[in-house]
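Quick notes on the structure that follows.
Derivation of every value follows stated rules applied to the coordinates shown; laboratory data play no part. It should be emphasised that the depicted structure is a prediction, and the values quoted were computed from it without experimental measurement. Using ideal geometry, Cβ is built from the backbone for each residue, glycine included, and neighbour counts are taken over all protein chains shown.
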Amino acid sequence: MDDSDLLRNFWGLQTMIPQIHDGQNQPLAAESAANQGHTYRQSFAVRYDYDVIFTRDVFEPDNAALRDVVGDDREGGVPDLAVFIDAGVTGSMPGLPRLIESYALAHRQRFRLPGSPTVVPGGERLKNNPEAIRQIQCQLVESGIDRHSYVLAVGGGAMLDVVGYAAATVHRGLRHIRAPTTTLSQADSGVGVKNGVNFMGKKNMLGTFAPPYAVLNDSRFLESQPRRECVSGLAEAVKVALIRDADFFVWLERNAARLRERDPSTLSVAVRRCAELHMAQIANGGDPFERGSARPLDYGHWSAHKLETLSDYQLLHGEAVAIGIALDTRYAVQRGMLAHGCDARVCGLFETLGFRLWHPALEMSDATTHPHPVLNGLSEFQAHMGGRLTLIMLSAIGRAIEVHEIREDVMLEAIGWLKQRETAAVM
Ligand SMILES: NC(=O)c1ccc[n+]([C@@H]2O[C@H](COP(=O)([O-])OP(=O)(O)OC[C@H]3O[C@@H](n4cnc5c(N)ncnc54)[C@H](O)[C@@H]3O)[C@@H](O)[C@H]2O)c1
Ligand SMILES: [Zn+2]
């Protein structure tokens, strides 16, 4: 038995030790072989499963959803559950921290709170605030929780991103349960596998891929969110319908007026279908951790992310996404990829839902970086992903294609078209 047989037998390790030969095709002596280096192919697969539970009044003591989620792995006794709540949510539901404490008391055999729920300011400002992020990490460390503990975040997409990031980094990853409280977070970000915080003026520059332990989508929160947030999140529903599901797009058109009025049952259907489509893309799209160059779920996002920063976050994420989608849809029509009339149809849906498809950031100019800073979003998108520029465009409503080149002159014409529409609307 030679050295390589020994290694192969140890734990059954599959090595790629080459049979090394000298010029006369004879095996080399052991010392010279040792100098040649070896390549071991390490290989294992990790499966992720998590439940996305649609429920109502999740913190009423008789609702078993959270109890069952934390109670399904009780190795080592009763686990801790650290709770963080978005201040926007407690603003509209002041009794929520007490309700969660009562819930914990009722289910004390399953989990315990290491302290009272922590209320943190929500919204994009939190993602822009490294000190607030650090404080959440400090609090997790100080609470003494371990890798069998859970971190529950109740809030909008921004707050879930921050707490998710903190939970993914403390102890190299705690079990993160999300209870999203906005249209966008229940339909999109909350059911996905990423988190991110803004860094050096760039959206989501720091972050991790960290699938949640479970997601609790409580329809009660959809009713307490501000109207602007509610509408803003619907941009992600339009997005995923446009790239994956033409029937859903037609359904959105038929129900746009009801959605604008925040009719609870219509909103629940839209959120659920949107979440399903996002989950299907992550599970079946072949690239859940985005190692390739394409991001189908980021249709319209190359300009949206740029517009968010250029507008100094006056535009909400969904509002910027709606503009980004309108822009790319018009561009596709101008380039002959998409049938005439689809641009007006998509814009019409957004407008009925209550979106405005223009922002002055679209025509900002800056001689030092790019005469049209919004177009810098293209190179920033590519720099983030690496590889060659890959953007999603539409070839039909419900069908996406990839493109690798953008004509800036045509994109500027598309911006001009949006401005013309806006001007016509206000006259
Ligand atoms: N990680 C991802 O995969 C991913 C995907 C898409 C978007 N995002 C991120 O999500 C963020 C946007 O999230 P959002 O649209 O949920 O907005 P948001 O989190 O910014 O919340 C908006 C405001 O609503 C308040 N709020 C939230 N829920 C409330 C409720 N039920 N009642 C009253 N007030 C409430 C918040 O305090 C905040 O002031 C962006 O930062 C975006 O980048 C992340
Ligand atoms: Zn988005």
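Annotations
- Convex hull volume of the C-alpha atoms in region 174-281, normalised per residue: 111 Å³.
- D_trans [Stokes-Einstein, Kirkwood Rh over alpha-carbon pairs] for region 329-427, 10 °C, 1.306 mPa s, µm² s⁻¹: 107 µm²/s
- Value in Å of the Kirkwood radius, where region 35-137 supplies the Cα pairs that are averaged: 16.8 Å
- Highest-first packing order for the peptide set 84-90, 238-244, 384-390 is 238-244, 84-90, 384-390, based on the mean count of other beta carbon atoms within 10 Å.
- Three-way shape label, region 96-157, alpha-carbon gyration tensor, a/c 1.5: oblate
- Straight-distance candidates among the lysines for linking to Lys203, with alpha-carbon spacing under 25 Å and chain neighbours fewer than 8 residues away dropped: Lys127, Lys194, Lys239, Lys306.
- Region 387-427: equivalent-ellipsoid semi-axes (sqrt of 5 x gyration tensor eigenvalues, Cα, Å): 26, 15, 6
- Helix-derived mean residue ellipticity, 222 nm - over the chain, DSSP H n ≥ 4, -39500 (n - 2.57), to 500: -14000 deg cm²/dmol
- GNM flexibility winner over the chain from Asp146, Asp62, Asp218 (Cα, springs under 10 Å): Asp62
- Aspartates and glutamates with Cα under 14 Å of Lys202, excluding same-chain neighbours fewer than 8 positions away: Glu124, Glu308, Asp312, Glu380
- Convex hull projection area averaged over all views, the chain, Cα basis, nm²: 27.6 nm²
- Antiparallel DSSP beta bridges within the chain, percent to nearest 5: 35 percent
- Taking every alpha-carbon pair in region 79-221 and binning the separations at 10 Å intervals from zero gives 13, 47, 35, 5, 0 percent.
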